[in-house]
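The values are calculated or read from the model by the stated rules, or taken from the named source; none is laboratory data. The model shown is predicted, which means the values in this text are computed figures rather than measured ones. Note that each Cβ is placed from the backbone with ideal geometry, even for glycine, and that neighbours are counted across all protein chains shown.
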Amino acid sequence: MSGIFGVASKGNAAYDLFFGIDYHSHLGTRRGGMVVYGRDGFSRAIHNIENTPFRTKFEHDVEGMDAGLGIGCISDYEPQPILVQSHLGTFAVATVSKINNMKELISEAYGSGYSQFQVMSSEEVNATELVASLINQRDSIAEGIRYAQERVDGSLTLLVLTKEGVYAARDPLGRTPLQIGKKEDGYCASFESFAYVNLGYKDYKELGPGEIVFMTPEGIEQIREPGERMQICAFLWVYYGYPNSVYQGISVEEMRYRNGALLAKRDDTSDDIDYAAGVPDSGTAHAIGYANEARVPFERPFIKYTPTWPRSFMPTNQNVREMIARMKLVPVDGLIRGKRMALIDDSIVRGTQLRDTIKYLYNSGAQKVHVKAACPPITFACKYLNFSRSRSAMDLISRRVIRDIEGDKDEEKLKDYSNPDHECYKHMVEEICRRQGFDSLQFVRLDDMLEAIGLPECRVCTYCWNGRE
């Protein structure tokens, strides 16, 4: 995943950019970058932030920046923003994207005379550089952004910095958000709506699907009107979004309360628990909603040690991810030993970390652990967001269980396994529970999760749960 932030100010906006990007640190832990344009021209800084927070790496860079225009990014993948020069002039690009047809687009670029791409250490082409090459195939930045939106199969939200201002464009189906904030001396564009609040900006506009605007210190010019169809990612509310964020007018924190309450309404184990708990941090709000509805205490049987440990699933090495997951959760013995708990996690993807967490609780003396997942079983690998490093659907525990039950005919039965009222679904849940060693397992239903969000299903992407495009 990635988070992007841009500014257009009458004064020096370098610190607004610096802090605005930093507020997106929950969306990426590998690379951070800033590009500004001011009296001294373009200035760019890129750093590896895998082992050091964004602020620490960039605090000296920002001190030397004096500019009213800038964009920045925190990313789990490619270094960005990139800075390029072409027939359109010099400009910088930052993206939140997943490009499924990269090979096709790169091959076309070579065929049309584009001679080379810089590759990352993984020998993969930087996806943001590919987007820049698409923009360069048209006669203006605005036309180029439209062209890139049309050609990318997957998702693409982006910021483009020029000498005159900042272009902001939301994904054509609105899979990821982009918000505009306003204050007296300028504007900002942000993935997360909360990122500009403490900088003095007020909500000005949430871009619609495919909408493009041009942002200067003086105002906002609409370049492309929003489309009618929207498929915003539901996982933004379930997990990825920071609790303070609001998408489509819907609060992340409040959605999680409602979601947990709907879990409790369908639960038949509430008489067998002493309290409800959430897996820190993203399971916490769901657990509060569950506890309030079930009328049981909310407790914290382990505390997440956050000052030094990064997000556990980001290191490329699976063993390192699992080690970090163990190291950052510190138990509270008195709340575990001899206790029966409902433990709510945001999701179950591979199942490895949660299985180890539950084993940890049992080894610490827990009497019973009833596990609840705040989203349905993930059955399809996401095609639209880089929210997981899974390269195959078989990385998903639900798909592995279905394959073991059905053999080579598993794909023919996926619809049944995605239906919470079907016997296949119930069999799958029971088998996951058995393999993971839980006392019981409950997933929130898709219809309940959508009710908690408050948008019609046709406006929300649910692909990873039911495979619907």
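Looking at G289, is it more than 23 Å from P331 (Cα to Cα), in the same structural domain as K328 (by TED's automatic domain parsing), modelled with pLDDT of 95 or more and of a type outside the set (D, E, K, R)? No, not satisfied.
So G210 passes all but one of these: (1) assigned to a loop (DSSP other than H, G, I, E, B); (2) over 14 Å from G174 (Cα atoms); (3) touching a strand residue (DSSP E or B) at 6+ places or on another chain (Cβ under 7 Å). Which condition number does it fail? Of (1) assigned to a loop (DSSP other than H, G, I, E, B); (2) over 14 Å from G174 (Cα atoms); (3) touching a strand residue (DSSP E or B) at 6+ places or on another chain (Cβ under 7 Å), only one is false for G210: (2). Of all residues in the range 112-140, those being surrounded by 23 or more Cβ atoms within 10 Å (Cβ to Cβ) and touching a residue at least 40 places away in the same chain (Cβ under 8 Å) number 4. Screening the range 49-167 for strands (runs of 3 or more DSSP E) wholly inside it with 1 or more residues that are assigned by TED's automatic domain parsing to the domain that holds G28 and more than 24 Å from the chain's Cα centre (by Cα) returns the ranges 67-75, 82-86, 89-99.
One residue alone among E63, E78, E50 is free of Cβ contacts under 8 Å to residues at least 12 places away in the same chain and either under 16 Å from T162 (Cα atoms) or not polar (S, T, N, Q) (or both), and that residue is E63. Filtering the range 400-425 to residues that are among the charged types (D, E, K, R), more than 21 Å from V444 (Cα to Cα) and either surrounded by fewer than 13 Cβ atoms within 10 Å (Cβ to Cβ) or not assigned by TED's automatic domain parsing to the domain that holds T379 (or both) leaves D404, D408, K409, E412.
Selection of the range 330-350 for residues being of a type in the set (A, V, I, L, M) and either closer than 19 Å to T269 by Cα or surrounded by 17 or more Cβ atoms within 10 Å (Cβ to Cβ) (or both) yields L335, I336, M341, A342, L343, I344, I348, V349. Evaluation of I223 against the conditions (1) assigned to a strand (DSSP E or B); (2) of a type in the set (A, V, I, L, M, F, W, C); (3) surrounded by 24 or more Cβ atoms within 10 Å (Cβ to Cβ) shows that the sole unmet condition is (3).
Restricting attention to the range 13-34, does a residue exist that is of a type in the set (D, E), in a helix (DSSP H, G or I), over 23 Å from E129 (Cβ atoms) and within 25 Å of the chain's Cα centre (by Cα)? Yes, the range 13-34 has at least one match. Scanning the range 23-46 for residues that are without any contact (Cβ under 8 Å) to a residue 60 or more places away in the chain, among the charged types (D, E, K, R) and closer than 16 Å to Q80 by Cβ yields R31, R44.
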